[in-house]
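Enquirer: Have a look at this one before I ask anything.
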């Protein structure tokens, strides 16, 4: 009984020892390449035993010799939890194998440095410059207005509270997704955070100097005078009203329609509008045309400051023989190694035990990081290769030829758990001959039709194609769309048609008849 307890205790101890390592491995796997770069840089800053490998003097493309080790991952640590001679044997072997890399007096020549600078300069030249955001555009306009510095800062404060569409708004504190973000800064919301209109008192209280709500209101009024027209509004009606000036034809009627009949216009309730306003039908139609050409989202043409650039993790390239090759795009990640100086310090048995214990933890942490990065590369490559094998038609003919594919299928093929596949494709982008796509784009369910499974994505594309080709003067109803889909060999139910139409922001047939046939300026 005591022997069984000892065995169980030893097993639990091993599981507890591996737990942090497994957690780190999963975190590294889930990171896109930009986040991984930041993580490596953070480790370089915090772990003194890690060093950044510089280019070689003789060969800028020099790569360190690969360490071949087929032992169990739990036994590959440079230093283990029990001090013994094997630890030092591993360190000796590591020093010999990586002698050129660990030689800290080995520095690049002037020519090598210049080549590295040229390489980085070329990379910078190929980077897309950051597009101007709405906040940038509005702030630039403030430079042409003569005002006290404090008031200009208050204007910037108001501008900072505009959302991507140019409306004045702040996150809704009652939204559970927002509360999760407050508790965990690294949490990624599963949906957009709900927003609400702040009061002038709230904006005044959040400013770093004492101001009154009336002063904030004055600042907002000034922001609303900036370009583009309609910016700084608190709701759609105010946004449209800000775009109506004295020069606007039928200005009074246009304002009346915006204030009282904005919901009647899409439903073509012209008799009710005529009775309420007293205007003739021809004038009402002209006023409605003016409203249709106003911009309901004046900030949407700009790039939000917090939108990250898409940086592909993998490239899929088509060879001359028609086969596809997979290449990880992580060559520019920091190339790290464990410093020989600290390895030697740890091997010194006469050193302070506390120092050796500290170095032991840092060396172990460094190797865990290296192994997690290598495991990420291996898993990502294998998963991507399996995905591409299933989705060759997607690459050959386009997204409308995507095949139904589930993560469990890839997990079974690669030989990993389905959660590993989920982490591998999360927030990862792949560069293909047809463009850049998120890896998750290649997954999706389907429906069996006449014994053949058709992807939902294919059915959605077919629906959009039918709507695009419909008679704009007589749009197809959802029931008619069901019949067209059946004729195209994609039988779906009416609720599916409605769902796809709404997801694509396509109005109903009645609304399309009035709105989609209207020429847009």
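The values are calculated or read from the model by the stated rules, or taken from the named source; none is laboratory data. Quantities reported herein were computed from a predicted structural model and do not represent experimental measurements. Cβ: placed from backbone, ideal geometry, glycine included. Neighbour counts: every protein chain shown.
Enquirer: Taking the stretch 374-394, which residues are out of contact with any strand residue (DSSP E or B) (no Cβ under 6 Å at 6 or more places or on another chain) and within 16 Å of residue 318 (Cβ to Cβ)?
Expert: Of all residues in the stretch 374-394, those out of contact with any strand residue (DSSP E or B) (no Cβ under 6 Å at 6 or more places or on another chain) come to 374-376, 378-380, 382-383, 386-387, 389, 391-394.
Result: 387, 389, 391, 392, 393, 394.
Enquirer: Among the residues of the stretch 250-269, write down those that are at pLDDT 90 or above and either assigned to a helix (DSSP H, G or I) or loosely packed, with under 13 Cβ neighbours inside 10 Å (or both).
Expert: 251, 252, 253, 254, 255, 256, 257, 258, 259, 260
Enquirer: Do the conditions hold for residue 401, that is, is it surrounded by 18 or more Cβ atoms within 10 Å (Cβ to Cβ), more than 18 Å from residue 326 (Cα to Cα) and modelled with pLDDT under 90?
Expert: Judged against the criteria, residue 401 is not a match.
Enquirer: If you take the residues in the stretch 324-356 that are under 30 Å from residue 429 (Cα atoms) and exposed (fewer than 12 other Cβ atoms within 10 Å of the Cβ), which one is modelled with the highest pLDDT?
Expert: 325
Enquirer: Show the residue pairs meeting these rules: Cβ distance below 7 Å; 6+ apart or different chains; first residue within the stretch 399-417 and at negative phi and in contact (Cβ under 8 Å) with a residue 40 or more places away in the chain; second residue part of a helix (DSSP H, G or I) and surrounded by fewer than 16 Cβ atoms within 10 Å (Cβ to Cβ).
Expert: 401/393; 403/393
Enquirer: Do you know which residues across the stretch 404-437 are surrounded by fewer than 15 Cβ atoms within 10 Å (Cβ to Cβ) and touching a strand residue (DSSP E or B) at 6+ places or on another chain (Cβ under 8 Å)?
Expert: Correct list: 433, 436.
Enquirer: What is the number of the single condition among (1) touching a helix residue (DSSP H, G or I) at 6+ places or on another chain (Cβ under 9 Å); (2) loosely packed, with under 15 Cβ neighbours inside 10 Å; (3) at pLDDT 80 or above that residue 518 does not meet?
Expert: Here residue 518 clears every test but (3).
Enquirer: Something else: Among the residues in the stretch 204-217, are any buried (at least 16 other Cβ atoms within 10 Å of the Cβ), in contact (Cβ under 8 Å) with a residue 60 or more places away in the chain and in a helix (DSSP H, G or I)?
Expert: There is at least one residue in the stretch 204-217 that is buried (at least 16 other Cβ atoms within 10 Å of the Cβ), in contact (Cβ under 8 Å) with a residue 60 or more places away in the chain and in a helix (DSSP H, G or I).
Enquirer: Given (1) loosely packed, with under 13 Cβ neighbours inside 10 Å; (2) touching a helix residue (DSSP H, G or I) at 6+ places or on another chain (Cβ under 9 Å); (3) outside the structural domain of residue 164 (by TED's automatic domain parsing), where does residue 371 come up short, assuming only one miss?
Expert: Tallying (1) loosely packed, with under 13 Cβ neighbours inside 10 Å; (2) touching a helix residue (DSSP H, G or I) at 6+ places or on another chain (Cβ under 9 Å); (3) outside the structural domain of residue 164 (by TED's automatic domain parsing), residue 371 fails exactly one: (1).
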